[in-house]
1. DSSP beta bridges in the chain, what fraction antiparallel, as a percent rounded to 5?
2. What is the Cα coordinate range of the chain on the first, second and third principal axes, sorted by size from largest, in whole angstrom?
3. Across the chain, where is the longest run that never hits GluC sites (Glu not before Pro) in a DSSP loop with at most 12 other C-beta atoms within 10 Å?
4. Check V64: other-chain or 5+ apart residues with amide H under 5 Å from its amide H, H built from backbone geometry?
5. Among V147, V327, V363, which comes first, then next, by fewest other beta-carbon atoms within 10 Å?
6. Pulled fully out, how much extra length does the chain show between S369 and R356, if you take 0.36 nm times their separation in residues and subtract their Cα-Cα distance?
7. Give K132/K211; K26/K73; K235/K263; K130/K271; K73/K97; K58/K346 a once-over and call out the pairs whose C-alpha atoms are over 30 Å from each other.
8. Starting from the Cα-Cα distance between R210 and V415, subtract it from 0.36 nm times their residue separation and give me the gain in nm to one decimal.
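Nothing in this text is a laboratory measurement; each read-out follows from the coordinates by a stated rule. On a predicted model such as this, the values are computed, not experimentally measured, just so you know. Every residue, glycine among them, receives a Cβ derived from its backbone with ideal geometry; neighbour counts consider all protein chains shown.
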Amino acid sequence: MRTDKFQPRYQIHEYPGRKPWYVVRKYIERYSRPGETVLEPFCGSGVVPCEALIARRKAIAVDVDPLAIFISKMTCISPIDLTKLEQAFAEVERVAKETIYALYLLEEKCNACDGQLIISSAARMPQAQKVKVKAFCSECDKIHELVYELQGWEKNIDEPIPYWYPEDAELPEGIRGNIRYLHELYTNRNLGALSILWHSINLVGDEIHRKLLRLCFSATLSKASSINVPKISGKGWTPADYNAYNIPDNFIEFNAWDGFSNKFRSCLEAKAQTNQLIGDFYASARILNASAENLTFIPDNSVDYVLTDPPYADVVRYYERSFVRNVWLGFEMGASQTEYPAMMQKVLREVNRVLRPGKHLSVLLKGTSQEFRDEFVGLAENAGLTHESTDQEHLGYGNLQDRPADHVLNFMSSV
């Protein structure tokens, strides 16, 4: 088993709270055998079903969020004809690239070859009343750095948005920040670029290739928005606020086509990997948009292992944070979850019902208090499960030195 932390199959699309694949695989291999069935009732971005399939376990993955199901399916799906996928991207490129690049043209010319300069990024510097622009030459690829007066900088194009976009879709109140509508997350230029890109992707004939390109589009939406700022230390950028959609004064505007193109390259690498690791075994997966509170489509005593990374009450607002992408992708979201203890009690009862007698449930809990873990154990025991052990694991990807360990709660079903 490769132990590289960052595997290509998980590098296409961001997702909050994604757990390390190597921890997930370790528990799958500890508590199940090849050919057995592994269930994840809160599948998120699909790490559990993907690792189960790679380990040659049958996978059932459930999530109430249609975006989570979409990401999970596209992460796991294989085999994919990579040549035809590249051809589908080339068709989108033919239709959209030059039209999108026209939105980012500067009046200045390249000082090396007199070629056109195309904006790569534009960072607002409100204290200095300047805009720092990085651009590349369309002919020789030379990188240029230019500075403009903020007052005169045209951050928005004047032309109307050419194709459909989610106009006047109100953001959920819990994450609304200093804007009210989804389309306000983007400069007019980037909104125009995204509308052209979305229109072009939907012209692709093959359904699977179209969906994979939509995944790349969805993965582009955050960087194409106006919520990103330079990192305080080091190079790069980061969202100004992870808990609400606030447009900061010093936001960076990125070229939307380049972001999409980069995500497509990540997608190609990811699908080459899942072609090799999963292949035709994907046919044994069931990835379903459903509520974990009602698993009636799974028979009693039919699952060999349940591994889950459940929501922790309101610690991460999955429902609100997926709203933007769900709207762009045309997915209908159900109601947000009911009160946490009541919801989790129902889920744990369903888990105990579908597990074979004497089989196991493991619950990944990152950064939780002892009080929360004790409450969770109580809910599980009320559902008929027996708490067997609590393991310490690091469930993050960052620097783990001197950081307290996270926890995995292990339970056994009724015998």
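1. Values: 37 of 53 bridges.
Once the DSSP bridges in the chain are tallied, antiparallel ones form about 70 percent.
2. Principal-axis extents of the Cα atoms in the chain, largest first: 76, 45, 41 Å.
3. Values: sites that count: E154, E167, E332, E339.
Longest gap between qualifying sites, sites excluded: 168-331.
4. Sorted by chain and number, the residues that satisfy this are A290, A292.
5. On the way: V147 12, V327 19, V363 25.
Neighbour counts put them in this order, fewest first: V147, V327, V363.
6. Numbers: separation 13, 0.36 × 13 = 4.68 nm, distance 3.03 nm.
So the chain would gain 1.7 nm between S369 and R356.
7. Details: K132/K211 36 Å; K26/K73 22 Å; K235/K263 20 Å; K130/K271 42 Å; K73/K97 27 Å; K58/K346 24 Å.
Exceeds cut-off: K132/K211; K130/K271.
8. On the way: separation 205, 0.36 × 205 = 73.80 nm, distance 4.64 nm.
69.2 nm is the gain from fully extending R210 to V415.
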